[in-house]
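First up is the structure itself, then whatever we jot down about it.
Just so it is clear, none of the values below were taken in a lab; they were calculated from the coordinates. These numbers come from a predicted model, not from an experiment. Every residue, glycine as well, gets a Cβ built from its backbone with ideal geometry; the counts of neighbours run over all protein chains shown.
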Amino acid sequence: MTELRSHYDVVCVGGAMMGSSVAYFLTQNPDFDGSVLVVEPDWTYDNAQTTRAQNSIREQFTNDLNIRLSRFGIEFIEHFHENVQVDGVSPELNFRGTGYLFLADDEDRYAQLERESLDQLAAGAEVTMLRPDAISERFPYMDATQVVGARLGGMREGSFDGWALFQGIRRRAIHDGATYVKDRVVDIDVVDGRVRSVVLASGATVGADWVVNSAGCRAKLIAEMVGLELPVEPRARTSFVFDCRTPIDAIVPLTITPAGVHFRREQNHYMCGTAPDVDTAVDYDDLRARHDEFEDKIWPVLARYVPQFDQVHVVASWGGQYDYNTLDHNLVIGPGGDVENFLFVNGFSGHGLQQGPAVGRGVSEWITYGEFRAIDLRPLGYERIVSGTPIREDAVI
Ligand SMILES: Cc1cc2nc3c(=O)[nH]c(=O)nc-3n(C[C@H](O)[C@H](O)[C@H](O)COP(=O)(O)OP(=O)(O)OC[C@H]3O[C@@H](n4cnc5c(N)ncnc54)[C@H](O)[C@@H]3O)c2cc1C
């Protein structure tokens, strides 16, 4: 059993990707000499989004901040071994650089993808616009007559082992001094507009200078403990892994169809998903896979663009949840309005795994220096939630 101190400089509520990234970057920061406690009830992480994700990273966002956040994720992955190794050992990340391929089936959509590509190129992303001939040449298994074109990302985009990313970060954070306790935060004491302590299910009360809300889909419940509203709700997302009778002998990038169905290769299989037709909040414990989605919605789309996908069978599926920010499907980071030592890292809406490193670094800067240094993340702060001013991001998958 973990012996707890009566007080920590920083307490993270939730110890999956975000709680662990914050703990990691604090413990790596030579200017931070405080103590870090990560409270996490489920050390299997079975119900966390972090272990139910589809584990991909891209540069193709439409908001410059999202591009920069993910580009740091790419850098972090490039130097993963040096970043997380403990005694020369690190988990195998198995990154496969395939790019993301956004398909357009009419000229308006193609023009939109092309306009966005200019901003992406200006932000340093690698993207190329393709017409059907070029699509057929690169991806001969596709029926390019179904599209007028596409936008393809570079090989810095791709997929990896998400569990390895998270475990590497967590293990190094523990090695470098972060304490993890198997417990649940059930209440937070606020005195004169500042968090003073957190109350755990075990009955312990732990003093804290900073509390970080890293509770994923349950972030809204943690915010309520300090009297703040957060428009983040759990939305069901089902992942399917399938086999194809005639396997594809070519790169299969993470392909996003105009209908919002996405697919990619996963080792010797293929992985896919989509948003449900009725996309509203579900119960926090509802992690059911929506099996009907494959037959009703996904399969016809797969077979339309890839004729070989007419003959497939599903070999695995699982339910998951997005921590969906209903204001603008972007993350909320930094201090919580009137409660300035309560920090949000929430509302990632499906792209948090790749943003974890940049978010951990940003929060560590905020706690250590009182400002964001590497990337000014203030536009993604809580003020926009209070004022109801969305940050625009058009490429939500
Ligand atoms: C189907 C799917 C596909 C995805 N694909 C991608 C992808 O390809 N690329 C990408 O970048 N992102 C992807 N994501 C998103 C990514 O998984 C999440 O943004 C990221 O994992 C969020 O991490 P987190 O730590 O905030 O939340 P979580 O991983 O959900 O962790 C929250 C933790 O908080 C703990 N907790 C909750 N309440 C309390 C409490 N009261 N006290 C203490 N602890 C508590 C929970 O036990 C949990 O472990 C996907 C998500 C899903 C569901």
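Taking the C-alpha atoms of the stretch 180-325, how large are the radius of gyration and the largest Cα-Cα span, Dmax, in Å?
Rg, Dmax (Cα atoms, Å): 20.9, 65.
Compute the separation of the alpha-carbon centres of the stretch 242-263 and the stretch 94-152 and state it in Å as a whole number.
The stretch 242-263 and the stretch 94-152 have Cα centres spaced 14 Å from each other.
Restricting things to alpha carbons, tell me how big the chain is in terms of Rg and Dmax, in Å.
Values for the chain (Cα only, Rg and Dmax): 21.1, 66 Å.
Take the Cβ-Cβ distance between GLU295 and LEU118 as r, set R0 to 41 Å, and report the resulting FRET efficiency rounded to the nearest 0.05.
Details: r = 39 Å, r/R0 = 0.95.
According to the calculation, E is roughly 0.55.
Give me the net charge of ARG196's neighbourhood, meaning all other residues with Cβ under 11 Å from the Cβ of ARG196; Lys, Arg count +1, Asp, Glu -1. Present the calculation step by step, with values, prior to reporting the outcome.
Numbers: positive: ARG194; negative: ASP189, ASP192, ASP209.
Value of the local net charge: -2.
If each residue of separation counts as 0.36 nm, what is the full-extension length gain between VAL278 and TRP318 once their alpha-carbon separation is subtracted? Write down the numbers at each step before the final one.
Numbers: separation 40, 0.36 × 40 = 14.40 nm, distance 1.83 nm.
Taking VAL278 through TRP318 to full extension adds about 12.6 nm, to one decimal.
Work out from phi, with θ = phi - 60° and the Karplus expression 6.51 cos²θ - 1.76 cosθ + 1.60, the ³J(HN,Hα) of each residue of the stretch 29-36, listed in order in whole Hz, and give x for Gly and Pro.
So the Karplus estimates, Gly and Pro as x, are 7, x, 8, 9, 10, x, 9, 10 Hz.
On full extension of the chain, what length is gained from ASP338 through ASP176, given 0.36 nm per residue of separation minus the C-alpha to C-alpha distance? Walk me through the intermediate numbers first.
Details: separation 162, 0.36 × 162 = 58.32 nm, distance 3.22 nm.
Net length gain for the segment: 55.1 nm.
Test of understanding: extend the Cα→C-beta vector of GLU3 to 7 Å, then name every residue of the stretch 143-182 with backbone N under 16 Å from that spot.
Label zone hits: 179-181.
Sort CYS217, CYS272 so that the residue with the fewest other Cβ atoms within 10 Å of its own Cβ comes first and the one with the most comes last. All intermediate terms of the calculation are to be shown ahead of the outcome.
Details: CYS217 24, CYS272 28.
Lowest count first: CYS217, CYS272.
Quick check: residue separation of GLU371 and GLU107 times 0.36 nm, minus the Cα distance between them. What number comes out in nm? Numbers along the way, then the final one.
Values: separation 264, 0.36 × 264 = 95.04 nm, distance 4.34 nm.
Taking 0.36 nm per residue and subtracting the Cα distance, the gain is 90.7 nm.
To the nearest 10 degrees, how steeply does helix 64-78 sit against the main Cα axis of the chain, on a 0 to 90 scale?
On a 0 to 90 degree scale, this one is about 90.
Largest first and in whole Å, give the semi-axes of the stretch 123-241's equivalent ellipsoid, each being the square root of 5 times a Cα gyration tensor eigenvalue.
Working: eigenvalues 420, 71, 42 Å².
Equivalent ellipsoid semi-axes, largest first: 46, 19, 15 Å.
For the pair ASP394/ASP42, report the inter-label distance in nm, with labels modelled 7 Å from Cα in the Cβ direction.
With each label point 7 Å from Cα toward Cβ, the separation is 3.6 nm.
Based on the mean of other Cβ atoms within 10 Å per residue, sort peptides 113-123, 352-362, 64-74 so the most packed one is first.
Numbers: 113-123: 15.8, 352-362: 27.1, 64-74: 21.8.
Descending mean neighbour count gives 352-362, 64-74, 113-123.
For LEU377, what charge total do you get from the other residues with a beta carbon under 11 Å from its beta carbon, if Lys and Arg give +1 and Asp and Glu give -1? Walk me through the numbers on the way to the answer.
Details: positive: ARG68, ARG361, ARG373, ARG378; negative: GLU365, GLU371, ASP376.
That sum, taken over residues with Cβ under 11 Å, equals +1.
Going by the alpha-carbon gyration tensor, a ≥ b ≥ c the square roots of its eigenvalues, is the stretch 327-397 rounded (a/c under 1.5) or, if a/c is not under 1.5, prolate (a/b greater than b/c) versus oblate?
Values: a/c = 1.98, a/b = 1.23, b/c = 1.61.
Verdict is oblate for the stretch 327-397.
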